[in-house]
Amino acid sequence: MNTVKATVQATLDADGVTLRLEEKLPLPPGRVQVTVQRSVEPSRPGLLEVLDQIHRDQRARGRSAMTEEEMQAEIAALRAEEEQEEERWRGIWSQAGDGPETGETP
């Protein structure tokens with residue numbers, strides 16, 4: 001008897017009987033012997049590992065983290081921009097006469 005072996009990936013269905021092969025077997029039709037072994041799926045990095053890798057890559061490209069002063073300046077700029085936008089809407093609502101009550105924000 002000539003023994004031919006083939007290894008392919010497959011998924012075992014919930015019924016515990018049906019195997020779904022991911023590719024066609026290179027064997028002639030007929031009876032076969034099947035040996036099943038659970039595949040170890042490659043582990044995926046978690047969120048912290050991904051963020052650490054991003055930070056390492058950024059440092060390698062020469063990017064440095066923001067200083068406390070830079071962060072405070074960025075926050076102040078965002079707040080000022082938000083206040084300008086809110087003031088613009090207040091002007092629009094006052095002209096339209098149809099806006100939120102005094103003191104309410106959108």
Hz values of 3J(HN,Hα) by residue in the range 74-89 - Karplus curve (6.51, -1.76, 1.60), Gly and Pro given as x: 5, 5, 4, 5, 5, 5, 5, 4, 5, 5, 4, 5, 5, 5, 4, 5
Degrees separating the helix 47-60 axis from the principal Cα axis of the chain, which is the longest one: 70
P(r) tail fraction, the range 18-96 - alpha-carbon pairs more than 14 Å apart, %: 83
Glu69 versus Asp52: modelled label distance in nm, points set 7 Å from Cα along the beta carbon direction: 3.2
The chain - percent relative contact order, Cα under 8 Å, separation 6 or more: 11
Global geometry of the range 21-61, whether rounded, prolate or oblate, following the gyration tensor of its Cα atoms and the 1.5 cut on a/c: prolate
Spin-label pair Leu12/Val36, simplified geometry with 7 Å Cα→Cβ offset, distance in nm: 0.4
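Only the coordinates and a few stated rules stand behind these numbers; no lab work does. Bear in mind the structure is a predicted one, so any value in this text is a computation, not a measurement. Quick reminder, even Gly has a Cβ in these numbers, built from the backbone with ideal geometry, and neighbours come from all protein chains shown.
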